[in-house]
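The values are calculated or read from the model by the stated rules, or taken from the named source; none is laboratory data. From a predicted model like this one, the values you see are computed outputs, not experimental measurements. Using ideal geometry, Cβ is built from the backbone for each residue, glycine included, and neighbour counts are taken over all protein chains shown.
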């Protein structure tokens, strides 16, 4: 009998208590980690949009050296025989199907739509958020309501 009393180890209650504590910590940590992952993904999309904007601006400026404003507009809007998207792709690490020109409606998560209007470049893209997808632009466009609030 004395041999059984001298054995050292954890009781079943102690092991269950440790498992319950670990389960509680994991239940708290997982949502926090998911939030950080989504925020990091949004930052990745923002930085990529900035790079696409810079690449588009560089491509347009290089093309503008020897061309008229009408030719520049045709080039930057993806007109016939335009190499604009290919030129932007050369300056970025994105794939062919990740950049389009034209309407913001073409933007999708992980894809960037470049709009060139009146000499201004705007990149449209979507970011996946906690609840839904959020449409964004680079540079950020100020709408009339936001403009009134700023004043």
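Can you confirm whether residue 78 is assigned to a loop (DSSP other than H, G, I, E, B) and farther than 30 Å from residue 115 by Cβ?
No: the conditions fail for residue 78.
Between a first residue in the range 75-98 that is closer than 12 Å to residue 63 by Cβ and a second residue that is assigned to a loop (DSSP other than H, G, I, E, B), which pairs have beta carbons less than 6 Å apart while being 6 or more apart in sequence or on different chains?
If the second residue must be assigned to a loop (DSSP other than H, G, I, E, B), the pairs left are 75/82; 84/78.
One line per residue, one yes/no per condition, for (1) assigned to a helix (DSSP H, G or I); (2) in contact with a strand residue (DSSP E or B) (Cβ under 6 Å, 6 or more places away or on another chain); (3) surrounded by fewer than 10 Cβ atoms within 10 Å (Cβ to Cβ); (4) touching a residue at least 60 places away in the same chain (Cβ under 8 Å):
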residue: 8; (1), (2), (3), (4): no, no, yes, no
residue: 46; (1), (2), (3), (4): yes, no, no, yes
residue: 51; (1), (2), (3), (4): yes, no, no, no
residue: 55; (1), (2), (3), (4): yes, no, no, no
residue: 59; (1), (2), (3), (4): yes, no, no, no
residue: 66; (1), (2), (3), (4): no, no, yes, no
residue: 73; (1), (2), (3), (4): yes, no, no, no
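Examine the range 24-42 for a residue that is under 22 Å from residue 139 (Cβ atoms), assigned to a helix (DSSP H, G or I) and in contact (Cβ under 8 Å) with a residue 24 or more places away in the chain, and state whether such a residue exists.
Yes, there is a match, as at least one residue in the range 24-42 is under 22 Å from residue 139 (Cβ atoms), assigned to a helix (DSSP H, G or I) and in contact (Cβ under 8 Å) with a residue 24 or more places away in the chain.
Anything in the range 95-115 that is modelled with pLDDT under 80 and out of contact with any helix residue (DSSP H, G or I) (no Cβ under 9 Å at 6 or more places or on another chain)? List them, or say none.
Within the range 95-115, 102, 103, 104, 105, 106, 107, 108 qualify.
Return the residues of the range 116-135 that are crowded, with 17+ Cβ neighbours inside 10 Å and modelled with pLDDT of 85 or more; say none if nothing qualifies.
116, 121, 122, 123, 124, 125
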